[in-house]
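Q: Dropping a structure here in structure tokens format, bear with me for questions.
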Amino acid sequence: MAKKSKTNARKRKQAQAAQAQAQGVSRRDVLRWSGFGALGVLAAGGAVFAGRSMYDTYVAEHDLTRIGKGKPAVVQVHDPSCATCTELQRETRKAMKQFEECDLVYLVADLTQPEGQVFASRHGVGRVTLVLLDADGEVTQVLPGMRQRAELRTVLKAHFDQHGTSGDALS
């Protein structure tokens, strides 16, 4: 019997591989696709979680019924289309990080919403304004205009020390 050449064996294996590929999907392909699928599911789940968390924060910040419920509050009268309002919101949020979430309540009176308009007109304030309220919902101070976070930290700490439940809750 004649000896088979290595070239013929190699060509035969290549032909078999090409035929297997033409016939369907290999196990390696399935594993690769399942890995990508798992990453996709993880990414989608993370996006849903982050979106839900952002939505919950938005709803909590815009719930003006939380005023006067036993916690001092800071309410920003806010117009989302106003760049200065957005900058004040950013600075206020950074200044609020010195407090625990349950120590001092940060709320937004959105002027594009009826509740925000009612709040602003009841207190006689316009946009780019912070209204500080005690635990009973009584106005203690109104801060009109843009403020930087260093000033806000000082003002908010003094407000909390005077109207908060305990002065040692700050870190």
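Q: Can you tell me which residue among ALA83, ALA44, ALA22, ALA18 is open to solvent by 40 Å² or more (accessible area, probe 1.4 Å), among the aliphatic types (A, V, I, L, M), at pLDDT below 80 and under 23 Å from the mean Cα position of the chain (by Cα)?
A: Details: ALA83 fails: at pLDDT below 80; ALA22 fails: under 23 Å from the mean Cα position of the chain (by Cα); ALA18 fails: under 23 Å from the mean Cα position of the chain (by Cα).
None of the others qualify; the one that does is ALA44.
Q: Next question. Among the residues of the stretch 101-143, write down those that are open to solvent by 30 Å² or more (accessible area, probe 1.4 Å), in contact with a Leu (Cβ under 8 Å, 6 or more places away or on another chain) and either more than 19 Å from TYR58 (Cβ to Cβ) or hydrophobic (A, V, I, L, M, F, W, C) (or both).
A: VAL139, THR140, GLN141, VAL142
Q: Just the residues that are under 30 Å from ASP161 (Cα atoms) and open to solvent by 40 Å² or more (accessible area, probe 1.4 Å), please, taken from the stretch 68-80.
A: LYS69, LYS71, listed by residue number.
Q: For the stretch 99-125, what are the residues that are in a helix (DSSP H, G or I), closer than 23 Å to PHE160 by Cα and among the aliphatic types (A, V, I, L, M)? I'd like the intermediate steps shown before the answer.
A: Residues of the stretch 99-125 that are in a helix (DSSP H, G or I), as a first pass: 114-123.
Okay, now just the ones that are also closer than 23 Å to PHE160 by Cα, so 119-120, 123.
ALA120, the sole residue that qualifies.
Q: Using beta carbons and a limit of 8 Å, which pairs, at least six apart or on different chains, have the first residue in the stretch 117-146 and over 23 Å from GLY70 (Cβ atoms) and the second one open to solvent by 80 Å² or more (accessible area, probe 1.4 Å) and in a loop (DSSP other than H, G, I, E, B)?
A: Short answer, once both residue conditions are applied: ALA120/ARG127.
Q: Here's a follow-up. Taking the options ALA158, ALA95, name whichever one is of a type in the set (A, V, I, L, M), part of a helix (DSSP H, G or I) and surrounded by fewer than 16 Cβ atoms within 10 Å (Cβ to Cβ).
A: After ruling out the rest, the residue left standing is ALA158.
The values are calculated or read from the model by the stated rules, or taken from the named source; none is laboratory data. What you see is a predicted model, and the numbers here were worked out from it, not measured in a lab. No Cβ is skipped: glycine too gets one built from the backbone with ideal geometry, and neighbour counts run over all protein chains shown. Heads up: the accessible areas ignore ligands, DNA and RNA and are worked out on the full protein's heavy atoms, side chains in. Shrake-Rupley method; radii C 1.70, N 1.55, O 1.52, S 1.80 Å.
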